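Asker: Okay, handing you the structure first.
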Amino acid sequence: MSAQNFFARMTAPKITARKGGDPIVCLTAYDAPTAALLDDHCDLLLVGDSVGMVVHGLTTTVGVTLDMMIMHGQAVMRGSKTALVVVDLPFGSYEDSPETAFRNASRVMMETGCQAVKIESGSYAAQTVSYLVERGIPVMSHVGLRPQSMNVLGGFRARGRTASIADEIIENAIAAAEAGSFAVVVEGVSEELADRVTKAVNIPTIGIGASAGCDGQILVTPDMLGMFDRVPKFVKKYGAMSDLIETAAKDYAAEVKARTFPSDDYTYKFKK
Ligand code: KIV
């Protein structure tokens with residue numbers, strides 16, 4: 001990564017300064033060519049551990065490893081030039097102690113060149129966030145529906161249906177902000193609760209399945225591109241990627257079988 005590249009990028013403090021201002025545009029990215037296409041349109045690219053589900057075919061994010069996150073983080077850094085790149089710390093890489101979190105987060109930053117990490121914040125997380133931030137690692141937190149905890153939560157259902165859980169989500173967001181997070185993802189909660197979280201914290205809230213009143217929005221890119229038939233209720237499909245791929249593969253197969261591909265236009269003919 002060149003020094004010039006580094007200074008062209010969005011920074012974590014600039015994202016924080018957008019609280020209550022222009023909406024912050026975020027998408028997930030996992031590979032270099034897609035990151036290059038998204039870069040001009042996004043303030044922040046998240047190398048989410050959703051990569052396990054939408055790229056590697058896992059049923060949850062629990063099986064995602066640090067090495068997987070580093071490999072995809074490197075690719076996204078190569079493809080992008082201006083967006084802030086945030087890499088998720090996967091399940092098992094940060095929960096047991098701030099020291100473990102620092103060891104793994106610093107490895108992610110050193111080996112990918114990304115500028116921040118994201119952690120899913122339970123009540124244990126505030127100490128870890130401040131430990132990382134004090135040592136030079138910007139942290140984005142994640143409250144509400146926390147996919148890494150789906151075995152405890154019992155699935156991917158929206159969170160905060162009872163007053164006590166709603167209060168706990170707000171407390172987690174406040175703790176994450178007070179510990180020094182530069183932004184907080186709010187996932188899978190009612191519009192009303194998302195708006196309460198946005199009012200309660202002095203850092204930007206990035207909504208996914210939350211509220212248009214959040215300070216920014218994020219979606220899982222293959223979901224919004226229309227790669228999958230079944231997506232959560234909150235996903236708007238902005239493209240029809242699966243149709244495009246199926247049609248192209250079908251046309252290609254037909255031409256290969258008919259020996260009409262490769263035609264003259266696609267073959268080398270050396271002059272004798
Ligand atoms: O892993 C991911 O893609 C995420 C987003 C859903 C915010 O955490």
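The values are calculated or read from the model by the stated rules, or taken from the named source; none is laboratory data. For clarity, every value in this text was computed on a predicted model and none was experimentally measured. Here Cβ is always computed from backbone atoms with ideal geometry, including for glycine, and neighbour counts include all displayed protein chains. For accessibility, only protein heavy atoms count, side chains too; no ligands or nucleic acids. Shrake-Rupley method; radii C 1.70, N 1.55, O 1.52, S 1.80 Å.
Asker: Test of understanding: among Gln148, Gln127, which residue is touching a Pro at 6+ places or on another chain (Cβ under 7 Å) and either touching a residue at least 40 places away in the same chain (Cβ under 8 Å) or open to solvent by 40 Å² or more (accessible area, probe 1.4 Å) (or both)?
Answerer: Going through Gln148, Gln127 in turn, just one is touching a Pro at 6+ places or on another chain (Cβ under 7 Å) and either touching a residue at least 40 places away in the same chain (Cβ under 8 Å) or open to solvent by 40 Å² or more (accessible area, probe 1.4 Å) (or both): Gln127.
Asker: Additional query: Has region 84-99 got any residue that is within 16 Å of the ligand (Cβ to nearest atom), farther than 21 Å from Phe234 by Cβ and small (Gly, Ala, Ser)? Full working, then the answer.
Answerer: Kept after step one, since they are within 16 Å of the ligand (Cβ to nearest atom), are these residues of region 84-99: 84-95.
Checking which are farther than 21 Å from Phe234 by Cβ leaves us with 84-85, 87, 89-95.
So of that shortlist, the ones also small (Gly, Ala, Ser) come out as 92-93.
There is at least one residue in region 84-99 that is within 16 Å of the ligand (Cβ to nearest atom), farther than 21 Å from Phe234 by Cβ and small (Gly, Ala, Ser).
Asker: Further, regarding this structure: Can you tell me which of (1) more than 13 Å from the ligand (Cβ to nearest atom); (2) open to solvent by less than 60 Å² (accessible area, probe 1.4 Å); (3) modelled with pLDDT of 95 or more; (4) not β-branched (Val, Ile, Thr) is the one Asn5 doesn't meet?
Answerer: It fails just one condition, (3).
Asker: Here's another thing I want to ask about it. Report whether or not Thr82 is farther than 18 Å from Gly180 by Cβ and not aliphatic (A, V, I, L, M). I'd like the intermediate steps shown before the answer.
Answerer: Details: farther than 18 Å from Gly180 by Cβ: yes; not aliphatic (A, V, I, L, M): yes.
Yes: the conditions hold for Thr82.
Asker: So Thr61 passes all but one of these: (1) assigned to a loop (DSSP other than H, G, I, E, B); (2) within 22 Å of Val184 (Cα to Cα); (3) touching a residue at least 12 places away in the same chain (Cβ under 8 Å); (4) away from the ligand (no atom under 14 Å from the Cβ). Which condition number does it fail?
Answerer: It fails just one condition, (4).
Asker: If I filter region 151-163 down to residues being open to solvent by less than 80 Å² (accessible area, probe 1.4 Å) and more than 15 Å from the ligand (Cβ to nearest atom), which single residue comes out as nearest to Ala210 (Cα to Cα)? Step through it out loud before you land on a result.
Answerer: Going residue by residue through region 151-163, those that are open to solvent by less than 80 Å² (accessible area, probe 1.4 Å) are 153-155, 158-160, 162-163.
Applying the additional criterion that residues be more than 15 Å from the ligand (Cβ to nearest atom) yields 154-155, 160, 162-163.
Numbers: Gly154: 20, Gly155: 17, Gly160: 11, Thr162: 16, Ala163: 17 Å.
The extreme case among them is Gly160.
Asker: Residues in region 68-111 that are in a helix (DSSP H, G or I), touching a helix residue (DSSP H, G or I) at 6+ places or on another chain (Cβ under 8 Å), free of Cβ contacts under 8 Å to residues at least 60 places away in the same chain and closer than 22 Å to Ala29 by Cα: how many?
Answerer: 15
Asker: Is there a residue in region 217-226 that is within 16 Å of the ligand (Cβ to nearest atom), touching a Ser or Thr at 6+ places or on another chain (Cβ under 6 Å) and closer than 20 Å to His41 by Cα? Give the derivation first.
Answerer: Taking region 217-226 as the starting set, the residues that turn out to be within 16 Å of the ligand (Cβ to nearest atom) are 217-225.
Those left that are additionally touching a Ser or Thr at 6+ places or on another chain (Cβ under 6 Å): 220-221.
Subsequent filtering for residues that are closer than 20 Å to His41 by Cα retains 220-221.
Yes, the conditions are met somewhere in region 217-226.
Asker: Moving on to the next point. Contact list please: Cβ distance under 6 Å, first residue in region 26-48 and farther than 23 Å from Thr61 by Cα, second residue open to solvent by 10 Å² or more (accessible area, probe 1.4 Å) and in a loop (DSSP other than H, G, I, E, B), pairs at least six apart or on different chains.
Answerer: Asp39/Lys81; Asp39/Thr82; Asp43/Met10
Asker: Take the conditions within 12 Å of the ligand (Cβ to nearest atom), in contact (Cβ under 8 Å) with a residue 60 or more places away in the chain and crowded, with 19+ Cβ neighbours inside 10 Å and apply them to Val143. Does it pass? Give the derivation first.
Answerer: On the way: within 12 Å of the ligand (Cβ to nearest atom): yes; in contact (Cβ under 8 Å) with a residue 60 or more places away in the chain: no; crowded, with 19+ Cβ neighbours inside 10 Å: yes.
In short, no.
Asker: So Asp265 clears everything in (1) under 30 Å from Val139 (Cα atoms); (2) open to solvent by 80 Å² or more (accessible area, probe 1.4 Å) except one condition, right? Which one?
Answerer: Asp265 satisfies every listed condition except (1).
Asker: Answer yes if at least one residue in region 163-171 is over 20 Å from Leu45 (Cα atoms), among the hydroxyl-bearing types (Ser, Thr, Tyr) and at pLDDT below 95, and no otherwise. Let's see the steps before the verdict.
Answerer: Restricting attention to region 163-171, the residues satisfying the condition of being over 20 Å from Leu45 (Cα atoms) are 163-171.
So of that shortlist, the ones also among the hydroxyl-bearing types (Ser, Thr, Tyr) come out as 164.
Of the ones still in play, those that are also at pLDDT below 95 are 164.
Scanning region 163-171, I find at least one residue that is over 20 Å from Leu45 (Cα atoms), among the hydroxyl-bearing types (Ser, Thr, Tyr) and at pLDDT below 95, so the answer is yes.
Asker: Kindly state which helices (runs of 4 or more DSSP H) lie completely within region 178-272 and contain at least 1 residues that are more than 21 Å from the chain's Cα centre (by Cα). Don't jump to the end; show me each part of the working.
Answerer: Values: elements: 191-200, 221-224, 241-257.
Here the list reads 191-200, 241-257.
Asker: Sort out which residues of region 13-54 are farther than 26 Å from Met227 by Cβ and surrounded by 20 or more Cβ atoms within 10 Å (Cβ to Cβ), and write them in order of number. Quick ask: steps written out before the conclusion?
Answerer: Step one: filter region 13-54 for residues farther than 26 Å from Met227 by Cβ, giving 13-22.
Selection gives Ile15 alone.
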